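Please read the structure below before turning to the comments.
The values are calculated or read from the model by the stated rules, or taken from the named source; none is laboratory data. As the structure is a computational prediction, the values presented were derived from the model and not from experiment. Heads up, the Cβs are rebuilt from the backbone with ideal geometry, glycines too, and the neighbour counts pull from every protein chain shown. Ligands, DNA and RNA are stripped out before the accessible areas are found, and what is left, the full protein with its side chains, is counted by its heavy atoms. Shrake-Rupley method; radii C 1.70, N 1.55, O 1.52, S 1.80 Å.
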Amino acid sequence: MSLTRKSIVIAAAAAILLCSSATTKPAHARTSAEADTTATPRHCQVPCGIYSDKMRIDMFMEDAATIEKAMASLEAMDKEEKPSKNQIVRWVMAKDDHAQAIQDRVSAYWLAQRIKVPAEGADAATVELYLSQLRFLHQMTVVAMKCKQTTDKTHVATLRRLVLDFSKSYFKPEDLEHIEKHHGAADHDHKGK
């Protein structure tokens, strides 16, 4: 499949807009209750030149662990005779907040700042790497959405695998070694973590 530079740029722009357009309202449109809950902390985008890519991977994995714990808690409460509605709401909100944080981080950090569109005339390997990274990030966004919609923990496992697969495509071997030491290899089973 041969893509022109223009179609690659359009695909990247669409991915960024898709991920970020539904996440926040302008400050003047928020109620006081929304003020603290709708704004997800974002990287500054100055550009400041201060990045911590490995930390962002750790954050993805922490979000995945929280989503998984929320799912398990919700499933356990489903079996209770009189589950606390308050706790159900809190676990659903936590699950959804962490899934949204993944979507926001993909959009505002990785797509907007870190993954660069290949230069005009870039070789096929560079273009393929770029498209591969876009695919991983898009899939992470979709799987995070599925985590909001269900308590199916296979989505969490898929999310972890995608984060590690993306890491393999992005990081140098020494950085990847750090990530795999802390989070396992992409083919590693994360149950119980």
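From the list 63, 165, the lone residue that is open to solvent by less than 20 Å² (accessible area, probe 1.4 Å) and either among the charged types (D, E, K, R) or free of Cβ contacts under 8 Å to residues at least 12 places away in the same chain (or both) is 63.
Filtering region 124-178 to residues that are β-branched (Val, Ile, Thr) and within 19 Å of residue 72 (Cα to Cα) leaves 143, 150, 151, 154, 156, 158. As a summary of the residue check, residue 145 satisfies the conditions (1) touching a residue at least 24 places away in the same chain (Cβ under 8 Å); (2) open to solvent by less than 50 Å² (accessible area, probe 1.4 Å) except for the one numbered (2).
In summary, residue 190 fulfils each of the numbered conditions (1) more than 23 Å from residue 51 (Cα to Cα); (2) at pLDDT 95 or above; (3) touching a helix residue (DSSP H, G or I) at 6+ places or on another chain (Cβ under 7 Å); (4) not hydroxyl-bearing (Ser, Thr, Tyr) with the single exception of condition (2).
In the set (1) touching a Ser or Thr at 6+ places or on another chain (Cβ under 9 Å); (2) open to solvent by less than 40 Å² (accessible area, probe 1.4 Å); (3) not acidic (Asp, Glu), residue 115 fails one condition alone, (1).
Within region 41-60, can you find the residues that are under 23 Å from residue 102 (Cβ atoms), open to solvent by less than 90 Å² (accessible area, probe 1.4 Å) and free of Cβ contacts under 8 Å to residues at least 40 places away in the same chain? Hits for region 41-60 are 44, 48, 52, 55.
Here is a yes/no grid of residues against (1) under 18 Å from the mean Cα position of the chain (by Cα); (2) surrounded by fewer than 19 Cβ atoms within 10 Å (Cβ to Cβ):
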site	(1), (2)
84	no, yes
87	no, yes
91	no, no
103	yes, no
110	yes, no
119	no, yes
124	no, yes
131	yes, yes
136	yes, no
